[in-house]
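The values are calculated or read from the model by the stated rules, or taken from the named source; none is laboratory data. Bear in mind the structure is a predicted one, so any value in this text is a computation, not a measurement. Cβ atoms come from the backbone with ideal geometry, glycine included; neighbour counts cover every protein chain shown. In case anyone asks, the SASA skips ligands and DNA or RNA and just uses the protein heavy atoms, side chains included. Shrake-Rupley method; radii C 1.70, N 1.55, O 1.52, S 1.80 Å.
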Amino acid sequence: MRIKRIELRHTKMELVSPFETSLGVELFEEHIIVRVDGDGVTGWGECVVEPTPSYSYETLQTAWHILKDFLIPGILGKEITGVGDALALNAWVRGHRMARAGLEAALSDAFARARGVSLSAFLGGTRVRIPVGVSVGLQATPAELLRVIGGYLADGYKRIKIKIAPGRDIALVQAVRKEFPDIQLQVDANSAFTLNDSDMLRSLDDYSLQLVEQPLGYDDIYDHSLLQRQMRTPICLDESIYNLSDTRAALALGSCRIINIKPGRVGGYTESIKIHDFCASQNVPVWHGGMDESGIGRAGNVALASLSNFMLPGDISATKRYYREDIVEPAFEVDADGTMAVPTKPGIGVDVMMERLERVTVRKEEFRM
Ligand code: OSB
Ligand code: MG
């Protein structure tokens, strides 16, 4: 396939409710939507960068620059036989994994469509439904948190993740456990603590949590190994896992017992599958994280999470948990049994609504061969 045209769009979509984590509060999601056009086929991908370098060092501006000046020129007009060719052409670019992942996602959609297979099948997925959970932001009061969680449980979610932050930690977990003694519950600190908080973190062991996500430094592997030795609850790493090599180091050191895979964070589907397969070989479960994607990114997440070792429910929630109106149809929905259907049509398996995409686009640039 010859890639004839690539388009980048900076999109801005309003969340149905503010999303607060230890990193701050978000009212909107701003990402980059990547469109590639090859021989009679179009592919869509979402680059999950944010405007600020808070979760990741990458930003909208750095990803735009890396895509425009290096990754897109690397493949535009070239004859490529598969996603692997595109990755090889750009393999010299170091880092900037979210930028890479957005382009790989669009190319994967294009090649899957060209072959007439779903993205799930294209990536090696085997399941037709996946278990999903919901990531609940920090709320104004514990009572409000309980009310919000109750609503999600009524929607069908079987696993709840709550965000914690210094001073808004153990008391929240206590309150949630008291009200909902039996739910699958996990917490995510987004790197807000240090080993000085070991006492509080150890006390999480009393609440039968499925896991504690990224309690310590965003780029740390070693301190997590010290903490995991002191805790029974499995630690799950998110921010500090960028690739297979980090995964191997973290598992060898005992820094975590579970890995959160986000294709954006690790540089795309190919690296995600390497991590997935390695963890499977070590009997380590993985689960699919989320970056509050639009339906384009969400469709890709659902496809990847259909691989067999995504054992725990993903942060892949129904469209209505994020956006009043998405840029794809049909909307993603969660069933009463806490699962979501994997699209079966070719490629990402959902249709991009061009008029809605146009409305949420704040900047657009196109590149032609
Ligand atoms: O740490 O998992 C995280 C969203 C943006 C950045 C980081 C994280 C998150 C979430 C939301 O927790 C997951 C989702 O539902 O998409
Ligand atoms: Mg996380």
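Taking the criterion of being among the hydrophobic types (A, V, I, L, M, F, W, C), within 16 Å of ligand 2 (Cβ to nearest atom) and open to solvent by 10 Å² or more (accessible area, probe 1.4 Å), the residues of region 194-229 that qualify are Leu209, Ile221.
Considering Lys274, Lys345, the condition of being part of a loop (DSSP other than H, G, I, E, B), modelled with pLDDT of 95 or more and surrounded by fewer than 22 Cβ atoms within 10 Å (Cβ to Cβ) is satisfied by Lys345 alone. The residue that is least open to solvent (accessible area, probe 1.4 Å), among those in region 89-141 that are in a loop (DSSP other than H, G, I, E, B) and of a type in the set (Ser, Thr, Tyr), is Thr141. The condition of being in contact (Cβ under 8 Å) with a residue 40 or more places away in the chain and among the aromatic types (Phe, Trp, Tyr) holds for only one of Phe122, Phe180, that being Phe122. Take the conditions (1) over 21 Å from Gln184 (Cβ atoms); (2) touching a Lys or Arg at 6+ places or on another chain (Cβ under 8 Å); (3) open to solvent by less than 40 Å² (accessible area, probe 1.4 Å); Asp315 misses just one of them, which is (1).
Every condition in (1) touching a residue at least 24 places away in the same chain (Cβ under 8 Å); (2) in a helix (DSSP H, G or I); (3) over 27 Å from Gly95 (Cβ atoms) is met by Leu185 except one, and the failing one is (2). Would you confirm, using the coordinates I've provided, whether Arg298 is in contact (Cβ under 8 Å) with a residue 12 or more places away in the chain, on the phi < 0 side of the Ramachandran plot, within 15 Å of ligand 2 (Cβ to nearest atom) and of a type in the set (Lys, Arg)? Spelling it out, it is not the case that Arg298 is in contact (Cβ under 8 Å) with a residue 12 or more places away in the chain, on the phi < 0 side of the Ramachandran plot, within 15 Å of ligand 2 (Cβ to nearest atom) and of a type in the set (Lys, Arg).
Only residues that are open to solvent by 70 Å² or more (accessible area, probe 1.4 Å) and part of a helix (DSSP H, G or I) were counted across region 161-182, and they come to 3. Within region 19-52, the set of residues being in contact with a strand residue (DSSP E or B) (Cβ under 8 Å, 6 or more places away or on another chain), farther than 22 Å from Lys262 by Cα and not polar (S, T, N, Q) comprises Asp37, Gly38, Asp39.
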